[in-house]
1. What GluC sites (Glu not before Pro) in segment 1-65 are in a loop by DSSP, with at most 11 other Cβ atoms within 10 Å of the Cβ?
2. Which residues does a label at residue 26 reach in segment 41-58, if reach means a backbone N under 14 Å from a point 7 Å past the Cα toward the Cβ?
3. Cut-off under 21 Å on the C-alpha distance; same-chain residues fewer than 8 positions from residue 36 excluded. Which lysines are left, in chain and number order?
Amino acid sequence: MSRMDQKIELTATEVRLLQCLLSGASNKQIGHVLGKSEFTVRNQLAVVFQKIGVVNRMQAAFWFRAYWAAREERAFGTSVPLPACGADQRMGA
């Protein structure tokens, strides 16, 4: 069973990290947007990568796109565009 088949719950911080990663931001840029150091971002991304079962940024970006689409499909019955890096959002659903 792949990690996508399992129910993985991401925290709001993890979602924001992955949104920024998906936008192509560097760790330094992500840190600036989220008010964290580059090294904190690197460490937090390493934890997220392990949690979702990927080994690099490209895999994480593909995983997050699929995760977001499935999450929004369950919540709203349709896919909703990803919010921009750093945008506030509700993490219900």
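Every read-out reported here was derived from the displayed coordinates using simple, explicitly stated rules and does not represent laboratory data. Bear in mind that the values here come from a model prediction, so they are computed numbers and not experimental data. Every residue, glycine among them, receives a Cβ derived from its backbone with ideal geometry; neighbour counts consider all protein chains shown.
1. Sparse-neighbourhood loop GluC sites (Glu not before Pro): 9.
2. Answer for this model: 42.
3. By straight Cα distance, residue 36 reaches 28, 51.
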